[in-house]
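Trainee: Quick one: the structure is below, questions incoming.
Derivation of every value follows stated rules applied to the coordinates shown; laboratory data play no part. All of these numbers come straight from a predicted model, not from anything done at the bench. A quick note on method: Cβ atoms are made from the backbone with ideal geometry, for glycine too, and the neighbour counts reach across all protein chains shown.
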Amino acid sequence: MDSLDVTKASVLSQVQALVTECARSGWDSSEVEPVSKCAAIRAADFIRALPQGFPLPQVAPEPDGSISLDWIRSRTRLLSLSMGTSDRLPYAWIHGADTGHAVVLFDGKNIPPDLLECITRL
């Protein structure tokens, strides 16, 4: 196993840990949903679909049970996408003075080129 696989394995392990740690409603002492197993599967599929050598995201739970995949280079260079249970991927970015948001479709295997380009620009 090369180092890229080990790194992807580490991020995949973090996704699984979110499912375990955030398995109950109110896991953070407020009214939040448990992390969805479906969202975790879709997040894992997305991580596996990233091209070899591509930057890997940080992962975090979201209050609605989705999983946030975040690429943070600095306060002014970041991209965050929300991995839920559907094939729709909403994401937003800040790249210096350029900010925006979009929604793309993810089929579980192929990451849309526009999204890959946006991550690469970071």
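Trainee: When the Cα centres of segment 67-94 and segment 3-57 are compared, how far apart do they sit, in Å?
Mentor: Cα centroid to Cα centroid, the span is 13 Å.
Trainee: Can you give the charge dipole size of the chain about its Cα centre, rounded to the nearest 20 debye, using +1 on the beta carbon of Lys and Arg and -1 on the beta carbon of Asp and Glu?
Mentor: 220 debye
Trainee: Positive end of the dipole of segment 1-115, charges at C-beta (+1 Lys, Arg; -1 Asp, Glu), about the Cα centre: which of P61, L18, N110 has its Cα farthest in that direction?
Mentor: Result: N110, furthest along the dipole toward the positive end.
Trainee: For a protection proxy built on the mean count of beta-carbon atoms within 10 angstrom, sort 89-99, 103-113 highest first, please.
Mentor: Those peptides, ordered most packed to least, come out 89-99, 103-113.
Trainee: If you consider only alpha-carbon coordinates, what radius of gyration and Dmax does the chain have, in Å?
Mentor: Computed over the Cα atoms of the chain, radius of gyration and Dmax are 14.2, 41 Å.
Trainee: For the chain, what does -39500 (n - 2.57) per DSSP helix run (n ≥ 4), summed and divided by total residues, give at 222 nm, in deg cm²/dmol to the nearest 500?
Mentor: -11000 deg cm²/dmol
Trainee: First obtain the Kirkwood hydrodynamic radius of segment 6-70 from its Cα pairs, then insert it into the Stokes-Einstein equation at 20 °C and 1.002 mPa s, and state the resulting D in µm² per second as a whole number.
Mentor: This corresponds to a translational diffusion coefficient of 180 µm²/s.
Trainee: Here's another thing I want to ask about it. So for the pair E21, D70, with labels modelled 7 Å out along Cα→Cβ, what separation do we get in nm?
Mentor: Modelled inter-label distance: 1.2 nm.
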